[in-house]
Structure formats: structure tokens, C-alpha cells
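**Q** Take this structure, written in C-alpha cells, and hold onto it; I'll ask about it next.
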Amino acid sequence: MKPYRLATMFWPEVAAVLPEVDGVLVPVGSFEQHGPMTPFEVDTAIAEYVCCRASERVQELGKYYLVGPTINLGAS
């Protein structure tokens, strides 16, 4: 499987795979409290997980999508 998490790649790796890339998935999630049993990052962690699994699945179909860094939103 080709590397897909942009945040963990070095720039020479990105430059090498860039001609093959079909797109970039950008995880976006809120960063807020959910009560005493859930961490602040739960929404962003879920968004990143979904994008990573989607990137893996489309590689099985012959497409190549990178996953960009997660964007955290929220003010609560």
C-alpha cells in the first residue's frame, strides 16, 4: 500500500507520488467538550479515521488519495 497520510510523509516522498495522486481528503471536526467520558478530540479523531479508511479503500479500486492534516474547529 502506498503512503497516504500527508502529515507523516517527508517532502521527497510527496514529490515522488504527486504525479499519481488523484486528490486530497481533508478531515474536519470539532474540538469541544463532550462530558467527562469523552476526550476533546473525539470528533477530529473520527474524521481522520474515516478519511484514512477511505484512502485505503480507494487504493483497492486503483485511485490514490492523500489525507491532509486534520482541521480542528470549535469554540465551546
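**Q** Inside segment 60-75, can you point out the residues that are among the aliphatic types (A, V, I, L, M) and either within 11 Å of Val21 (Cα to Cα) or within 8 Å of the chain's Cα centre (by Cα) (or both)?
**A** Residues satisfying the conditions are Leu66, Val67.
**Q** Would you check which residues across segment 36-49 are in a loop (DSSP other than H, G, I, E, B) and surrounded by 15 or more Cβ atoms within 10 Å (Cβ to Cβ) and list them?
**A** Here is the first cut: in segment 36-49, the ones in a loop (DSSP other than H, G, I, E, B) are 36-41.
Across segment 36-49, the qualifying residues are Phe40, Glu41.
**Q** Oh, and also: Confirm whether Ser55 is surrounded by 15 or more Cβ atoms within 10 Å (Cβ to Cβ) and either over 14 Å from the mean Cα position of the chain (by Cα) or assigned to a helix (DSSP H, G or I) (or both).
**A** Yes.
**Q** Inspect all residues belonging to segment 23-42 and state whether any of them is on the phi > 0 side of the Ramachandran plot, free of Cβ contacts under 8 Å to residues at least 60 places away in the same chain and in contact with an Asp or Glu (Cβ under 6 Å, 6 or more places away or on another chain).
**A** no
**Q** Restricting to segment 1-35, what's the tally of residues that are modelled with pLDDT under 95, open to solvent by 50 Å² or more (accessible area, probe 1.4 Å) and assigned to a strand (DSSP E or B)?
**A** 0
The values are calculated or read from the model by the stated rules, or taken from the named source; none is laboratory data. Bear in mind that the values here come from a model prediction, so they are computed numbers and not experimental data. Note that each Cβ is placed from the backbone with ideal geometry, even for glycine, and that neighbours are counted across all protein chains shown. Please note that ligands, DNA and RNA were not included when accessible areas were found on the heavy atoms of the full protein model with its side chains. Shrake-Rupley method; radii C 1.70, N 1.55, O 1.52, S 1.80 Å.
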